[in-house]
Structures are given as C-alpha cells and as structure tokens.
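Colleague: First the structure, then my questions, so here it is.
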Amino acid sequence: MLVGRHKCTSVGTRKLGVLLVKVRDGMSHLVLTVGPTHTLRQAARMMSARRIGAAVVIDPEHAGIGILTERDILDSVAAGEDPDAELAAQHRTEHLTFASPDWTLDEAATAMVRGGFRHLVVLEGHDVAGLLSMRDIVRCWTAGEPGKGSGQAQPQPAVTSA
C-alpha cells in the first residue's frame, strides 16, 4: 500500500471562538500496510525508510485490523527476540480504538491519553481512511501560533510496500 504524509489544514468549525480541527484534516491519508508474515526487521526497515512510527497489519485470513508500532518492535528486541524470526502477526496490537474522520483532534488526543497509545487507525465505514499520530496532532495544534511550525508535514515520497 502507499505511504505518504499529509498537510494539516486549518479547516474546522468554530465553537465558542475555538477552531475545532477534525481528524481528517490532520491524519496521514496514505498508510503503510504490512502483512502478518513480514518479519519485524522487514517492517522496521519500511517504517524507518518512511520515517513513520506505525504500520497497519492486514491479514486476509484473520478478520480485523492490527497495528504494529515502533514500540512493539523495540519491546521484542529488548526481550532478546530475533527480529529476523519474529513476525508482525505475533507482535501486532489487535484490540484497537479506532477514530472517526469526524472526531476533533481533542477527542482523538483524549482517546490516546486514556488508552496509553500514540497512534489511531482512522476508519471510514469498514475501510482504513488514514492514521493519526500524536505528532500529527501536535503539528496541527502548533500550526497557527507565532514562531511555530507551518503546520505542514514535510512531504514524503509515495512508495509501495513489498
């Protein structure tokens, strides 16, 4: 699947003078996907090359969507496991909190803090619409402040996974 980054747009609704930016405006629309039989080293190489912290794990023989994060890979290596032998299927998180593109970034951040995770898979219907990270949220929240970043991610080349 394709990998890319997004631009945080300032589109949003105003409520009591505060701009409510939606998840769809801050998320990465193109997501790295890996299969359950990718080794942790293969997944880590793809994630590293694209400078991202998570990949969605799609298993055609297993219902549901999983996520493999840099933390999952780090925990495996720290436990002395062989990244060339360990598979994404063995380390993915399967019980996920999914975000809606219509959530506000505040709702997404609250879900992340409560759940103790840094990435949300965004679903529209039953399809993966994107991925939202804490970094994406911070980028959007700091976009309009003087002396802060532009709110736009550095473009990454679109590439397909193996």
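Colleague: Rounded if a/c is under 1.5, else prolate if a/b beats b/c, else oblate: with a ≥ b ≥ c from the C-alpha gyration tensor eigenvalues square-rooted, which is region 12-141?
Modeller: Taking the square roots of the gyration eigenvalues as a ≥ b ≥ c, region 12-141 is prolate.
Colleague: Which ³J(HN,Hα) values in Hz, rounded to whole numbers, follow from the phi angles of region 131-141 under the Karplus curve 6.51 cos²θ - 1.76 cosθ + 1.60, where θ = phi - 60° and Gly and Pro get x?
Modeller: Going residue by residue, I get 9, 10, 10, 4, 4, 4, 5, 4, 4, 5, 5 Hz, with x marking Gly and Pro.
Colleague: Tally Lys and Arg at +1 and Asp and Glu at -1 over the other residues with C-beta under 12 Å from the C-beta of residue 113: what net charge comes out?
Modeller: Spelling it out: positives minus negatives among the neighbours equals 0.
All of the numbers you see were taken from the coordinates with simple rules; none came from a lab. Because the structure is predicted, anything quoted here is derived from the model rather than measured. When we count neighbours, we look across all protein chains shown, and the Cβ atoms used for this are built from the backbone with ideal geometry, even at glycine.
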